[in-house]
Structures are given as C-alpha cells and as structure tokens.
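Any read-out appearing in this document is the output of simple, stated calculations on the displayed coordinates, not a laboratory observation. The structure displayed is predicted, hence computed values, not measured ones. With ideal geometry, Cβ positions are generated from the backbone for all residues, glycine too; neighbour counts draw on all protein chains shown.
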Amino acid sequence: MTDALQLAGRTPNNPKPDREQRFLQEIEVTKTFDSPYVVRNVFSGKTQRSGWPYFVMPYYTLGTLEAVYDQLGTPLDRMRLFLSICEGVASLIHDA
C-alpha cells in the first residue's frame, strides 16, 4: 500500500495562526476513526527540521474526492455520494 502525506499549512506569514492547532486537533480526532467514509490516519508526527505537524494517510488509487465527484453522471448521483459521506461521518460522531 502506498501512503500519502499531509502537512499543516504553517508559514512565517500565515494569516491564520490557529491553523496549526486545528490541524493537530484533526490529527488526534482522526486517529480514532475507522470508517470507509473518512480518511484513515496511518501515522503522525512532526518534521525534524521545521517541527511542522504531519500525518500519513492511505493513498487511494481512485484519486481525490473531487475527481470521483466529477466522474458521477447526474446531480442525483452526486447527492447520493455526499449523503453517504455525511452519514458515515455522523455515525463516527455518534459512536464517539
């Protein structure tokens, strides 16, 4: 399995200094998720050089959610996909 890496968007002139804290919260929350509707957190840490937080997630060969969405034919198909994602996230929150 190939994994993908996501880094927090921290820069010296970041207009949103709370972005790193939100990203750290996202990392902690996603560690507990086990659902086909939410990206799994495989590993997380901070880079040695800059100390930026990151997490590793599975690489999905179907591409991005946007690409899958664009391949769907009708608005109804797109709404069904969106609804299934919402239901999956809601079940995770309910079970937490």
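What is the extension gain from residue 82 to residue 35, computed as 0.36 nm multiplied by their sequence separation minus the C-alpha to C-alpha distance, in nm to one decimal?
Working it through step by step, the gained length comes to 15.4 nm.
If the chain between residue 89 and residue 59 were fully stretched, how many nm would it gain, using 0.36 nm times the residue separation less the Cα-Cα distance?
Additional length available on full extension: 8.8 nm.
If r is the Cβ-Cβ distance from residue 19 to residue 72 and R0 is 30 Å, what FRET efficiency results, to the nearest 0.05?
After rounding to 0.05, the efficiency reads 0.45.
Quick one: 57, 79, fewest Cβ neighbours within 10 Å first, how do they rank?
79, 57
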